Amino acid sequence: MTHTPVWFMRQAGRSLPEYRALREGIAMLQSCRTPELVTEITLQPVRRHQVDAAILFSDIVVPLMAVGLDLDIVPGIGPVIAAPIRERADLDRLPELTREHIPDITESVRLLVAELGPTPLIGFAGAPFTLASYLIEGGPSKNHERTKALMHGDPELWHDLCARLAQISGTFLRVQAEAGASALQLFDSWAGHLSRADYLRYVEPHSRAVLSGIADLHVPRIHFGVGTGELLAPMADAGAEVIGVDYRVSLTDAVTRTGGRYAVQGNLDPALLFAPWEALERRVREIVAEGRAAPGHIFNLGHGVLPATDPQVLSRVVELVHEAGAR
Ligand code: CP3
């Protein structure tokens, strides 16, 4: 690479008018399982912004749907589970994922890799904790109280649920890599709600199982969460080559906290895309400069693109990263 590579979490999605046009009248999960749509939506931001990677258009709940769980993604809310998982008997509704459950994912990835040429495709999955929170709460949660109650009140059931989710996420990642994805990101979006001690005891072993289970594929692994400043070292050590950093911690601190052993990904605050260009430009240049202290840097946002973002600003940021990040 002749410059710092850049892509954006949620680069495909509601910020793009061409995405909104294509999705009209088609439910989110239906679009995720239609390879022609997945291919087109995944390619849209690559064409428009000239980002250095595509990320598969899908969702962390797609593999749960694929094993037969009754769920939906409600616009403006997120994943909603018809009958939450709260008792041992509920595990029966969550069988192991096999590649036969997701032939559409294999097809989508194959189509994409053929279309993308040299541009890498990033595959992804949800980490066990973040998935467990949706399953136990029944939908998005501010405080994760039922999740933490189950974690502490019935650790045996908690670990069995997370082990099952690790199998599902691990297989979802493996299928994407075997079809041609050239990097894999594990999203533990809500792990920042945990204390370090609880993360280490109840969550890290399961995320480690996911990451170590795909080590034989020799595909770079990115581990990302929001508000995970206190967890960066254990998250990196769980088996990643790249640690995702949200906007609350500087890349400089992230490098120190992870012992200088990992590439970093991040970490522009997505809200800054609404700031005047001069302020935004200054911050982008700072992040590119901070990233040079790491063994590798992938420029990204600290979390996903907000739907009201002006797509022209995103294109301009890509151009700037390529210029400022020239090597
Ligand atoms: O990043 C990308 O461009 C790839 C596609 C992608 C989506 N979801 C598409 C999507 C990825 C990587 C995800 C992961 C995902 N899904 C996460 C982890 C990443 C993160 O943001 O922390 C989480 C927590 C989910 C669950 C989920 N799905 C939420 C919270 C929402 C938003 C609900 C809303 O309407 O605000 C979704 C829906 C979703 N997933 C959309 C997209 C483009 C919006 C669907 C729409 O167009 O209405």
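For region 289-304, which residues satisfy the criterion of being surrounded by fewer than 23 Cβ atoms within 10 Å (Cβ to Cβ), touching a helix residue (DSSP H, G or I) at 6+ places or on another chain (Cβ under 7 Å) and closer than 14 Å to P5 by Cβ?
Of everything in region 289-304, just one residue is surrounded by fewer than 23 Cβ atoms within 10 Å (Cβ to Cβ), touching a helix residue (DSSP H, G or I) at 6+ places or on another chain (Cβ under 7 Å) and closer than 14 Å to P5 by Cβ, namely A294.
Note down all Cβ pairs under 7 Å where the first residue falls in region 1-28 and is free of Cβ contacts under 8 Å to residues at least 40 places away in the same chain, the second is assigned to a helix (DSSP H, G or I) and among the charged types (D, E, K, R), and they're at least six residues apart or on different chains.
L22/E40
If a residue must be open to solvent by 40 Å² or more (accessible area, probe 1.4 Å) and either under 16 Å from the mean Cα position of the chain (by Cα) or free of Cβ contacts under 8 Å to residues at least 24 places away in the same chain (or both), how many such residues does region 273-288 contain?
5
Taking the conditions exactly as written (touching a helix residue (DSSP H, G or I) at 6+ places or on another chain (Cβ under 6 Å) and open to solvent by 70 Å² or more (accessible area, probe 1.4 Å)), does E156 satisfy them or not?
no
What's the total number of residues in region 159-215 that are polar (S, T, N, Q) and not in a helix (DSSP H, G or I)?
Going through region 159-215 one residue at a time, the tally reaches 4.
If I filter region 216-238 down to residues being assigned to a strand (DSSP E or B) and among the hydrophobic types (A, V, I, L, M, F, W, C), which single residue comes out as surrounded by the most Cβ atoms within 10 Å (Cβ to Cβ)?
Restricting to residues being assigned to a strand (DSSP E or B) and among the hydrophobic types (A, V, I, L, M, F, W, C), the top hit is F224.
Within region 228-248, can you find the residues that are out of contact with any His (no Cβ under 7 Å at 6 or more places or on another chain) and more than 16 Å from I298 (Cβ to Cβ)?
T228, G229, E230, L231, A233, P234, D237, G239, R248
Taking the condition at pLDDT 95 or above, part of a loop (DSSP other than H, G, I, E, B) and out of contact with any His (no Cβ under 6 Å at 6 or more places or on another chain), does T309 pass?
For T309, the condition - at pLDDT 95 or above, part of a loop (DSSP other than H, G, I, E, B) and out of contact with any His (no Cβ under 6 Å at 6 or more places or on another chain) - is met.
Identify the residue in region 71-104 that is touching a residue at least 40 places away in the same chain (Cβ under 8 Å), in a loop (DSSP other than H, G, I, E, B) and within 16 Å of the ligand (Cβ to nearest atom) and, among all such residues, is farthest from L165 (Cα to Cα).
Filtering region 71-104 for residues that are touching a residue at least 40 places away in the same chain (Cβ under 8 Å), in a loop (DSSP other than H, G, I, E, B) and within 16 Å of the ligand (Cβ to nearest atom), the one farthest from L165 (Cα to Cα) comes out as P75.
Against the conditions (1) buried (at least 16 other Cβ atoms within 10 Å of the Cβ); (2) in contact with a Lys or Arg (Cβ under 8 Å, 6 or more places away or on another chain); (3) part of a loop (DSSP other than H, G, I, E, B), where does D59 fall short? Just the number, please.
The failed condition is (2).
Kindly indicate whether A27 is within 12 Å of the ligand (Cβ to nearest atom) and touching a helix residue (DSSP H, G or I) at 6+ places or on another chain (Cβ under 8 Å).
no
Can you go through P79, P45 and tell me which one is crowded, with 22+ Cβ neighbours inside 10 Å and farther than 18 Å from I222 by Cβ?
Going through P79, P45 in turn, the sole match is P79.
The values are calculated or read from the model by the stated rules, or taken from the named source; none is laboratory data. No experiment lies behind these values; they were computed from the predicted model shown. Cβ sites come from the backbone with ideal geometry, for glycine too, and all protein chains shown count toward neighbours. Side chains included, ligands, DNA and RNA excluded: accessible areas come from the protein's heavy atoms. Shrake-Rupley method; radii C 1.70, N 1.55, O 1.52, S 1.80 Å.
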